[in-house]
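What follows draws every value from the coordinates through simple rules; no lab data is involved. In this text the structure is predicted, and so the values were computed from the model without any measurement. Every residue, glycine among them, receives a Cβ derived from its backbone with ideal geometry; neighbour counts consider all protein chains shown.
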Amino acid sequence: MLAACGESEPPAPEISYEETLQTQLIQAQPGDVIEIPAGVHEITRSLSLTVPNVTIRGAGINESVLSFRNQQQGAEGLLVTADDFVIQDLAIEDTIGDALKINESNNVTIRRVRTEWTNGPDPENGAYGIYPVQSRNVLIDESVAIGAADAGIYVGQSSRIIVRNSRAEYNVAGIEIENSTFADVYDNVARNNTGGILVFDLPNLEVQGGQSTRVYNNSIYENNTQNFAPPGAIVGNVPAGTGLIILANDNIEAFGNDFSDNDNVHVMIYSFTLGGRSYDDPNYDPYPEQIYLYDNSYEGGGTVPAHPLLAEWHAQTGENSPDIVWGGLMKEGASIENLVCLGDNPDVTFMNLNGGSDPAQVSTDLAPHTCTLPSLPEVTLGGLGDD
């Protein structure tokens with residue numbers, strides 16, 4: 001239509017940054033770098049990427065913020081199903097569901113990414129902050145996760161994983177490695193969570209047989225936030241005040257960690273079946289084996305035993321939790337030898353709950369646990385993440 005004399009065409013509608021970013025993700029080609037400018041960018045719908053070899057890069061972990069506080073559609077903030085993916089130098093805040101989910105991807109680098117629910121611990125927060133699952137070759141470096149109602153930094157059903165130089169706080173689980181193999185978790189800070197670091201293997205998942213995780217040189221302290229997981233979540237069973245939990249996982253090595261002021265217990269190792277829990281997966285092995293803990297430091301803590309079996313024991317004895325507690329359940333016919341090793345000359349307090357059926361039958365005998373195990377190999381990612 002021709003404009004009348006003296007009249008001008010109406011201006012084209014302004015395109016929002018959300019629409020621009022959605023278009024960039026949809027039209028991305030392998031090798032593209034998508035830049036997120038500095039500022040707080042309001043996003044109302046889930047974002048997704050399916051193209052391999054794409055980098056999403058912001059101006060800084062606190063400078064480029066994708067805010068989902070007014071999210072209206074979608075289950076995640078950003079969902080990635082693509083190999084050779086890099087995301088760095090940005091934040092994802094206040095998503096309805098998971099903040100950053102990466103599914104079935106190979107070669108994933110997450111560097112200087114912050115996920116946060118800014119209202120603090122709340123069961124209405126999304127479950128997971130940084131959340132790679134069923135992936136291989138995963139690097140999470142210099143990242144931050146705050147306020148997740150399940151796990152802040154979670155890697156599940158994956159293999160060849162490094163989580164380093166990162167911080168997790170005010171989550172139910174700070175850092176969780178679940179049903180995964182060959183993981184190194186080091187130089188991290190886990191504080192003010194319900195549980196600091198969790199190494200789990202659970203039944204009824206597609207990938208099982210979690211093993212070969214090293215947890216070392218981490219600061220794990222003051223993980224005393226009350227559990228705020230929504231009903232039905234397995235982490236809803238994690239007692240407030242727990243530093244490190246090893247559940248039904250094998251070949252775990254934990255060393256050089258600093259534990260302090262975790263009110264329930266610094267370290268707890270136990271079977272999925274401790275306390276009478278049952279399972280219906282015939283392929284599942286619920287018993288942890290070959291657990292090697294040494295050269296860790298322990299300060300304070302144990303003053304408010306909250307695990308039901310520890311609480312019962314505490315009620316009878318009035319004593320604080322020791323540094324390390326083992327549930328004591330073993331496979332039928334198994335020997336206690338080399339199940340839990342604490343080094344050649346362990347300078348720790350320790351308790352074997354002996355299945356927990358009778359608090360009077362616990363054992364503090366270190367002799368069966370004065371042993372060493374072969375060190376696990378360093379996890380390498382084939383150059384992934386090298387600067």
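Values computed for the structure shown
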| read-out | value |
| --- | --- |
| For region 188-200, 3J(HN,Hα) per residue [Karplus equation, 6.51 cos²θ - 1.76 cosθ + 1.60, θ = phi - 60°, Hz, x = Gly/Pro] | 10, 10, 10, 9, 6, 8, 6, x, x, 10, 10, 10, 10 |
| On Cα atoms only, tilt of 17-27 relative to the major axis of the chain in degrees | 80 |
| Rough spin-label spacing in nm, given labels placed 7 Å along Cα→Cβ, for Asn165 and Asp344 | 3.4 |
| Net charge dipole size for region 117-369 [Lys, Arg +1 and Asp, Glu -1 on Cβ; Debye, nearest 20] | 400 |
| Derived scalar couplings ³J(HN,Hα) [region 250-264; Karplus, 6.51 cos²θ - 1.76 cosθ + 1.60; whole Hz; x for Gly, Pro] | 10, 6, 10, 10, 10, 8, x, 8, 9, 9, 8, 6, 8, 5, 7 |
| Residue-averaged 222 nm ellipticity for the chain, from DSSP H runs of 4+ at -39500 (n - 2.57), nearest 500 | -1500 deg cm²/dmol |
| Net charge contributed by nearby residues that have their C-beta within less than 9 Å of Leu198 (K/R +1, D/E -1) | -2 |
| Theoretical FRET efficiency, 1/(1+(r/R0)^6), r = Cβ-Cβ of Ala334 and Thr81, R0 41 Å, to 0.05 | 0.50 |
| Calculated FRET efficiency for the pair Glu319/Glu42, C-beta based, R₀ 56 Å, to 0.05 | 0.60 |
| Inter-centroid distance (Cα atoms) of region 238-255 relative to region 311-387, Å | 10 |
| Net charge contributed by nearby residues that have their C-beta within less than 13 Å of Met330 (K/R +1, D/E -1) | -4 |
| Around Leu339: net Lys/Arg minus Asp/Glu count, Cβ-Cβ under 12 Å | -2 |
| 0 to 90° range, to nearest 10: angle between helix 308-317 axis and the chain longest Cα axis | 40 |
| Which labelled figure in (i) 22.3, 84; (ii) 23.0, 98; (iii) 24.1, 74 is Rg and Dmax of the Cα atoms in Å, once derived from the coordinates | (ii) |
